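In what follows, a single structure is set out as structure tokens and then discussed.
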Amino acid sequence: MMDFVNFHLIPGVVLGSIYALGAIGVTLTFGILRFANFAHGETMTLGAYLTLTLVLLTGWHALLFLPVALALTALLVLAMDRMFFRPLRHAPSIILVIASFGLMLMVRSLVQVIWGTELQGFSKGITLPWVLFDSLRVFPKHVVILTAAIALMVAVHVLLRHTRTGKAMRAMSDSPELARLTGIDTERVVRATWIVGAGLAAAAGIFLAYDSHVETLMGFKMLLPVFASALLGGLGRPYGAMAGGLVIGVVEELSTYAWIGSEPLLPPGYKAGVAFAIMVAILIWRPSGLFRGRVF
Amino acid sequence: MAAERPVLVLDRVTGGYGGAEIIHEISIILGRGEIVTLIGPNGAGKSSVMNAVLGTLVIGGGRILLHGEDITGTPPERVVRRGVSYVPQTANVFPNLTVNENLEMGAYVRTDDFRPRMDEMYELFAPLAGRRRSPAGTLSGGQRQMVAIAKALMVEPDILLLDEPTAGLSPRFREEIFAVVEDVNARGTPILMVEQNARQALGIADRGYVLVDGRNRTDGTGAGLLADPEVGAMFLGGGTAEPAPAPSPGAPIGTPAGTARGEARAGRRDPDARPPSAPGARRR
């Protein structure tokens with residue numbers, strides 16, 4: 001029983017919170033800029049590598065650089081928007097999707113050229129878990145990741161519900177045309193969307209790297225579960241993305257638990273297939289997701 | 001007095017949406033404090049006139065003057081900042097935002113404290129006061145229309161453009177919306193309105209323009225057009241109107257026409273002459 005909690009449920013919740021952070025950006029971009037951004041995974045990778053560089057330069061703890069890495073990633077993404085997406089602002093969304101796909105390949109190649117393709121880590125050695133009540137094992141890093149992820153999600157909630165810019169983001173997600181006719185500065189809202197999405201993606205990348213390691217394909221591997229999370233929650237629904245991320249993370253981890261007999265239900269190698277299966281199922285039976293998102 | 005400058009002038013405006021021209025040399029004048037109604041069959045270019053003012057129509061010729069300044073081709077967000085508020089016919093509220101948030105977005109371009117204005121809106125649209133925290137998408141059609149108009153009024157616009165504000169509403173709500181339009185106008189906002197319910201619209205209008213095939217067909221005072229047998233036969237469903245007191249098309253447009261109606265309206269321009277909660281009161 002404790003194996004279930006220690007090795008499946010807790011890691012599932014942690015992984016789910018990381019997916020959730022990534023999925024919020026995907027869903028906001030979809031709602032406000034109206035396209036599925038394939039370069040979102042690379043944003044996560046960028047966040048992780050920028051942090052790695054700072055760690056290697058200073059030798060300090062990775063999470064100390066969280067604010068700096070988030071800001072740097074957001075700046076880079078704003079520059080990418082300026083170069084690649086802004087000229088296509090009024091183009092059909094499929095053009096933007098393809099552009100984001102191209103950008104994804106470019107960023108990944110650049111990362112590989114700059115940082116190399118081998119696995120790297122924020123720190124060396126292993127940390128031991130805290131043992132509570134004799135059997136509950138909790139890794140300090142998991143507590144840190146979960147706390148920080150929750151704090152970021154609360155920040156997103158406050159932004160969307162209680163600030164002028166956040167409300168304008170929701171308004172534009174409802175109707176870009178009406179937002180424009182209302183006098184809302186839509187370019188400003190677009191910039192805010194990139195900043196929030198990129199910041200959260202960078203955080204997701206950093207947390208994932210902190211939990212395991214840094215590698216150039218990490219963002220690409222995150223793309224599928226993150227898209228699945230956004231879809232599960234309903235596209236354009238930030239709260240749906242949070243719920244979707246958590247569900248996908250937990251289900252992925254639980255799929256490898258020995259539910260029947262002593263063997264894992266699903267060999268761990270097939271974990272990534274779970275998100276894919278969920279995504280296919282949603283698209284067939286409930287394309288609007290849990291929170292009645294947009295259907296395209 | 002006659003030299004008073006009109007708020008909005010369309011001077012022989014021609015335009016369309018890239019390629020085909022939809023309106024041809026349309027001239028329209030909206031004077032201070034007026035309600036002006038555009039009527040005409042479907043496809044006459046009524047909504048395109050609104051889009052021309054807003055800068056979403058490609059203008060091929062002519063000029064659009066706001067307070068005498070040329071705003072031809074100015075993009076919509078800038079037109080809004082210059083005091084023109086527009087209520088589209090459909091999709092005119094943010095459905096996932098609450099009523100309160102919709103009004104806040106209406107005031108987006110304002111940098112000062114807009115809360116007094118918001119309170120004023122909840123007085124003017126009393127049925128909304130109890131729904132402040134409801135998502136606008138959950139309201140009835142009539143209430144949604146009120147949110148749309150209140151949202152547009154948050155900037156205290158110099159001009160309000162209404163595109164078929166009563167389309168798809170039940171007769172009761174239609175009455176209510178027309179009453180609101182009169183009320184808003186009585187508080188000093190000039191209104192340019194496109195309407196399918198031409199008879200009622202002309203009933204509250206100072207003046208009206210009849211557009212056909214993207215051109216000016218005729219114009220006159222609201223009462224004059226209502227009494228015009230030809231207009232009656234073509235657009236009002238039956239030409240039963242009595243012979244008109246000459247609609248005087250040559251009268252100095254831009255100043256409220258000196259009809260009995262015009263005078264009656266002028267009499268209650270004082271905001272105190274009418275309690276602010278009129279629409280709500282009318283419901284009960």
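The values are calculated or read from the model by the stated rules, or taken from the named source; none is laboratory data. This is a predicted model, so every value here is computed, not measured. We place every Cβ from the backbone using ideal geometry, glycine too, and count neighbours over all the protein chains shown. These accessible areas exclude ligands, DNA and RNA; they are computed on the full protein's heavy atoms, side chains included. Shrake-Rupley method; radii C 1.70, N 1.55, O 1.52, S 1.80 Å.
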Quick one: if you stick a label point 7 Å off each Cα along the C-beta vector at A:Thr53 and A:Asp3, how many nm between them? 4.4 nm
Which of the chymotrypsin sites (Phe, Trp or Tyr not before Pro) found in region A:8-67 are loop residues per DSSP with 10 or fewer other Cβ atoms within 10 Å of their Cβ? A:Trp60
Heavy-atom accessible area per residue of region B:83-209, all protein chains kept, 1.4 Å probe, expressed in Å², is 31 Å²
Express in Å², to the nearest 10, the accessible area of A:Ile114 obtained by rolling a 1.4 Å probe over the protein heavy atoms while all chains stay in place. 110 Å²
The long-range amide H neighbours of B:Ile35, using H built 1.01 Å from N in the peptide plane and a cut-off of under 5 Å, are B:Ile191, B:Asp206, B:Arg207
Taking Lys and Arg as +1 and Asp and Glu as -1, residues besides A:Gln112 with C-beta under 15 Å from its C-beta add up to -1
Between 0 and 90 degrees, rounded to the nearest ten: what's the tilt of helix A:164-174 against the longest Cα principal axis of chain A? 80 degrees
Once you average over the residues of B:77-83, how many Cβ atoms of partner chains fall within 10 Å of each Cβ? 3
Give, in nm to one decimal, the length gained when the segment between B:Ala233 and B:Ser170 is fully stretched (0.36 nm per residue of separation minus the Cα-Cα distance). 20.3 nm
Please state the relative contact order of region B:91-156 as a whole percent: Cα pairs under 8 Å, 6+ residues apart? 54 percent
Percent carbon-and-sulfur accessible area, the protein assembly as shown, ignoring ligands, DNA and RNA, probe 1.4 Å: 61 percent
Once the other residues with Cβ under 14 Å from the Cβ of B:Ile59 are scored (Lys, Arg +1; Asp, Glu -1), what is the net sum? -2
Per residue of A:181-190, how many C-beta atoms from partner chains lie within 10 Å of its own C-beta, taken as a mean? 6
Let me know the whole percent of all Cα-Cα pairs from region B:91-156 that are separated by more than 18 Å. 22 percent
In straight Cα distance, which aspartates and glutamates are under 13 Å from A:Lys141, not counting same-chain residues fewer than 8 positions off? A:Asp211
Relative to chain A, whose Cα atoms define the longest principal axis, helix A:66-80 and its Cα axis are tilted in degrees, nearest 10, by 40 degrees
Taking the solvent-accessible surface of protein heavy atoms with a 1.4 Å probe, what is the per residue accessible area of region A:187-296 in Å²? 43 Å²
Mind checking the mean number of beta-carbon atoms from other chains within 10 Å of the Cβ atoms in A:169-178? 5
For region A:165-195 and region A:217-286, what is the centre-to-centre distance using only Cα atoms, to the nearest Å? 30 Å
Would you please give the FRET efficiency between A:Phe133 and A:Val68, computed as 1/(1 + (r/R0)^6) with r the Cβ-Cβ distance and R0 = 41 Å, to the nearest 0.05? 0.60
Put B:Phe94, A:Phe101, A:Phe139 in order of accessible area, largest first, probe 1.4 Å, and you get A:Phe101, A:Phe139, B:Phe94
Summed buried accessible area for B+A [probe radius 1.4 Å, Å², rounded to 100]: 1900 Å²
Neighbourhood charge, 15 Å Cβ-Cβ cut-off, centred on A:Gly273 and excluding it, Lys, Arg +1 and Asp, Glu -1: 0
